[in-house]
Amino acid sequence: MHVDDAIRSRKSVRRFLPTPVPASTVHHILQVSAHAPSGNNVQPWRVYAVAGEPRQRLCDAIVQAATTDADRHQPEYAYYPTQWVEPYLDRRRRCGFGLYATLGIARDDAAARERQMLRNYVFFDAPVGLLVTLDRRLNTGSFMDLGMFIQNIMVAARAQGLHTCAQAAFAWFHKIVREQLPLSEHEILACGIALGHEDLAAPENAFITERAKPEEFAHFAGFEVAP
Ligand SMILES: Cc1cc2nc3c(=O)[nH]c(=O)nc-3n(C[C@H](O)[C@H](O)[C@H](O)COP(=O)(O)O)c2cc1C
C-alpha cells in the first residue's frame, strides 16, 4: 500500500466486526509504529493492548462508571479548550452533527447521543483496544512525540487491512483503567485506540470528515513557481 493511500484511507471507524485480530498483528503494528521520531529519541509512549476477557472486564467497568457517576471522572490533561473559538467551533459542530446525521440521531435527542457516546467504552465493538500512555515526568513537547506514534499505529493498521478510532474518551476514566491494568503512577492515560475490521454495512462508518486545503492553512514563500 502506498503511504498516501494508507494515510488517506485512515478514518475513524465507529463500528467494527467481531473478527479477531491476532496478537502477532498487534505486535507487528506496534513494532512498525515505534519507528516514530521523538525529541532526543526518548520514545515516551507505553501501550496496553487488551482483547478477550480483560477487554470485556475493562469495558464493563468503564460503562458502569460512565453511566452512574461520570462527573467524578476527569482526565489528567486538558485536550479541549474551555472556550471554543472559530474556526474550530464550527469544525467541531460539523463533525458532531455530521456523525449524528449519518446515524439518524436528531440534534435534540440527548438520550441517543448519550448512547452513541457510551459506545466509545466498548471500543465501538473492536476486538482489540489499545490504551496509550505518556510519562508525566516529561514535558508538553512529548505530546508531539506521542501524537506521531499514535498516527503511526493508525496508518500501520491500514497496511494490515485494519481500521482504528483514536479515543480521548478513555482519558476521563484513567482511574478505572488503573484498577485493571498495571499503569505506573508516572503514566498519564492519553487515549484509547479501537483496532479491528471495519463493519462496511454500518452507516456511521460512511461518515467522511472534511479538510481545509493547503491554500487555507499554509503559506508559501520563495518558490519560483506557485504550487
Ligand atoms: C487524539 C484523538 C482523540 C479522539 N477521541 C475520540 C473519541 O473519544 N471518540 C470518538 O468517537 N472519536 C475520537 N476521535 C476521532 C476524531 O473525531 C476524528 O479523528 C475527526 O473527527 C476526523 O475524522 P477522521 O478520523 O474520520 O478523519 C479522536 C481523534 C484523535 C486524533
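The values are calculated or read from the model by the stated rules, or taken from the named source; none is laboratory data. These numbers come from a predicted model, not from an experiment. We place every Cβ from the backbone using ideal geometry, glycine too, and count neighbours over all the protein chains shown. Surface accessibility is based on the protein's heavy atoms, side chains included, excluding ligands, DNA and RNA. Shrake-Rupley method; radii C 1.70, N 1.55, O 1.52, S 1.80 Å.
A few comments on the model shown:
- Within the stretch 210-222, none of the residues are at pLDDT 95 or above, open to solvent by 70 Å² or more (accessible area, probe 1.4 Å), more than 12 Å from the ligand (Cβ to nearest atom) and touching a strand residue (DSSP E or B) at 6+ places or on another chain (Cβ under 8 Å).
- Within the stretch 51-100, the set of residues being without any contact (Cβ under 8 Å) to a residue 24 or more places away in the chain, among the basic types (Lys, Arg) and open to solvent by less than 60 Å² (accessible area, probe 1.4 Å) is empty.
- Those residues of the stretch 101-160 which are touching a strand residue (DSSP E or B) at 6+ places or on another chain (Cβ under 8 Å), among the charged types (D, E, K, R) and open to solvent by 30 Å² or more (accessible area, probe 1.4 Å), in sequence order: 125, 135, 136
- Test: residue in the stretch 10-19 that is within 14 Å of the ligand (Cβ to nearest atom), among the polar types (S, T, N, Q), surrounded by 15 or more Cβ atoms within 10 Å (Cβ to Cβ) and in contact (Cβ under 8 Å) with a residue 40 or more places away in the chain: yes
- Residue 189 surrounded by 21 or more Cβ atoms within 10 Å (Cβ to Cβ), over 24 Å from residue 20 (Cβ atoms) and touching a Phe, Trp or Tyr at 6+ places or on another chain (Cβ under 9 Å): yes
- Among the residues of the stretch 122-140, just one is of a type outside the set (D, E, K, R) and over 23 Å from residue 151 (Cβ atoms), namely 122.
- Residue that is nearest to residue 26 (Cα to Cα), among those in the stretch 111-128 that are in contact with a Cys (Cβ under 8 Å, 6 or more places away or on another chain) and within 11 Å of the ligand (Cβ to nearest atom): 123
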